[in-house]
Amino acid sequence: TLAVNPNTQISKGSQYFADWIAAETRAVLGPFSADLTVETTMHLGLQKLAEGTLRHWLEAEGPKRNVTQGSMIVLSHDGEVLAMVGGKDYGASQFNRATQARRQPGSLFKLFVYLAAFDAGLTPDTVMTDQPLQVDNWTPQNYGGKYRGEVTLRTAFADSINSVAVQLTEKVGRGRVIGVARSLGIRSSLKAHPSLALGTSEVTLMEMTSAYAAMAADVKKISPFGVRAIRGTGRQLYKHRVTKTPRSQATLPWKRDEIIDLLVNTVDQGTGKAARLSAPVAGKTGTTQDYRDAWFIGFTADIIVGIWLGNDDNAPMERVTGGDLPAKIWRDYITSAYRLEGATPKRQELLAGIPPIPEPDLSRIGTPDADKATVTGIRKWLRSFID
């Protein structure tokens, strides 16, 4: 935690956070002219690490992969914004790509599709057919243009199969999918087009990271905040109070075990393999048409990190997918973050106290004939480190 006042010296990269805090302070107090001390949620070590990690990867890979911009948000399970990077160079552009830029999330949006599907009674073991289809004169395409026939929803999510996501959306209704997204804090305009399932409506990194944070925290919704307290001369003017509404009280009480199962499997065996650690990781990749946007949002037992890469002019990158650079940046950041003394309360637990993966071999998970007892064992294991 960092107490920030007007005289605090912060890095240029931290100015994105500082600008956002100034806006948050005005939202709390309204117009003000007095000297104030604002205590923020920023963790200075995690903030500097976020700036350095993103800058390193953009400088090392950006020129050859045609990636000029990126943003990152780090949240606690309570919604504290521990770190925020809004772009490569604050001096060149003060536009905050973490909170202001609206971009297509691609397959990240499938979170809401599958939550709606599970709410309608489907399960990770439900089998659907990956095949060509047409909806309202629109034909979705899978990445690589191939179709695999019968697959479980666990496999379809992990491998980000577009045809299955579209079928699910049409099965449960586009309005229901939008309702799930709204219930988890997506405020941006969402168009009920058949392509909704593939993340064609533009959203912010903050919105998407917050939605995934609700999965991690098992609450109705996460409302990110950066202002912990505000003090004037001799008195406290504001103190943030965290309120957690259980998922069971949500309008659409999504099924957590099922979605955690899918998110962990995505990193373990699917498109998010580049983010794998020795400790369990849950996450999802997102890539948009012509490689214009690449995302990865993942979480551990106590920290959620969202990453976006792209170009301000919407120019295509050089085949950068969410499972490529964003997932690698995520892994680099997380492994470094857990080396910071006191960075997160469950640091030692994550590094040394993770329970062993139950037998038999995980390779059977995600197949139509998966052993139900094994699946149950995996879910119990997931709950043991997420809860």
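So here's what we get for this one:
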read-out: Residue among SER210, SER248, SER278, SER223 that is closer than 20 Å to TYR333 by Cβ and more than 13 Å from the chain's Cα centre (by Cα); value: SER278
read-out: Residues located in segment 138-166, provided they are part of a strand (DSSP E or B), touching a Gly at 6+ places or on another chain (Cβ under 9 Å) and among the hydrophobic types (A, V, I, L, M, F, W, C); value: VAL151
read-out: Close pairs from segment 213-225: first farther than 17 Å from ALA301 by Cα, partner part of a strand (DSSP E or B), Cβ under 7 Å, at least 6 apart; value: LYS220/PRO246; PRO224/LEU75; PRO224/VAL81; PHE225/GLU80; PHE225/VAL81
read-out: Test result for LYS171, out of contact with any Lys or Arg (no Cβ under 8 Å at 6 or more places or on another chain) and of a type in the set (D, E, K, R); value: yes
read-out: Considering residues of segment 37-82 that are polar (S, T, N, Q) and touching a strand residue (DSSP E or B) at 6+ places or on another chain (Cβ under 7 Å) only, the residue modelled with the lowest pLDDT; value: THR37
read-out: Only one of ILE186, ILE178, ILE222 that is in contact with a Ser or Thr (Cβ under 8 Å, 6 or more places away or on another chain), crowded, with 17+ Cβ neighbours inside 10 Å and not aromatic (Phe, Trp, Tyr); value: ILE222
read-out: Criterion violated by ASP19 - all others in (1) out of contact with any strand residue (DSSP E or B) (no Cβ under 7 Å at 6 or more places or on another chain); (2) at pLDDT below 90 satisfied; value: (2)
read-out: Selection count where residues are of a type outside the set (Val, Ile, Thr) and either crowded, with 22+ Cβ neighbours inside 10 Å or in a helix (DSSP H, G or I) (or both), scope segment 25-51; value: 13
read-out: Considering residues of segment 115-170 that are farther than 24 Å from ILE260 by Cα and open to solvent by less than 20 Å² (accessible area, probe 1.4 Å) only, the residue modelled with the lowest pLDDT; value: PRO140
read-out: Condition met for ILE222 (at pLDDT below 95 and in contact with a His (Cβ under 9 Å, 6 or more places away or on another chain)); value: yes
read-out: Meets criteria (within 18 Å of TRP295 (Cβ to Cβ) and either assigned to a loop (DSSP other than H, G, I, E, B) or in contact with a Pro (Cβ under 7 Å, 6 or more places away or on another chain) (or both)) for LEU262; value: yes
read-out: Any chance GLN104 is out of contact with any strand residue (DSSP E or B) (no Cβ under 8 Å at 6 or more places or on another chain), within 20 Å of GLY323 (Cα to Cα) and open to solvent by 10 Å² or more (accessible area, probe 1.4 Å); value: no
read-out: Residue match in segment 120-137 (condition: in a helix (DSSP H, G or I), closer than 27 Å to SER210 by Cβ and either without any contact (Cβ under 8 Å) to a residue 12 or more places away in the chain or touching a Phe, Trp or Tyr at 6+ places or on another chain (Cβ under 9 Å) (or both)); value: no
read-out: Pick from segment 226-282, criterion farther than 30 Å from ASP119 by Cα and free of Cβ contacts under 8 Å to residues at least 12 places away in the same chain, ranking: most open to solvent (accessible area, probe 1.4 Å); value: ARG241
read-out: Qualifying residue in segment 190-204 (condition: of a type in the set (Val, Ile, Thr), closer than 17 Å to SER107 by Cα and outside any loop (DSSP other than H, G, I, E, B)); value: yes
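Residue-by-condition table, conditions (1) part of a helix (DSSP H, G or I); (2) hydrophobic (A, V, I, L, M, F, W, C):
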| position | (1), (2) |
| --- | --- |
| LEU58 | yes, yes |
| GLU61 | yes, no |
| SER71 | no, no |
| ASP78 | no, no |
| ASP89 | no, no |
| LEU108 | yes, yes |
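The values are calculated or read from the model by the stated rules, or taken from the named source; none is laboratory data. Computed from a predicted structure; not experimentally measured. Don't worry about glycine lacking a Cβ; one is built from the backbone with ideal geometry, like all the others, and counts go over all protein chains shown. To get the accessible areas, we keep the full protein, side chains included, count just its heavy atoms, and leave off ligands, DNA and RNA. Shrake-Rupley method; radii C 1.70, N 1.55, O 1.52, S 1.80 Å.
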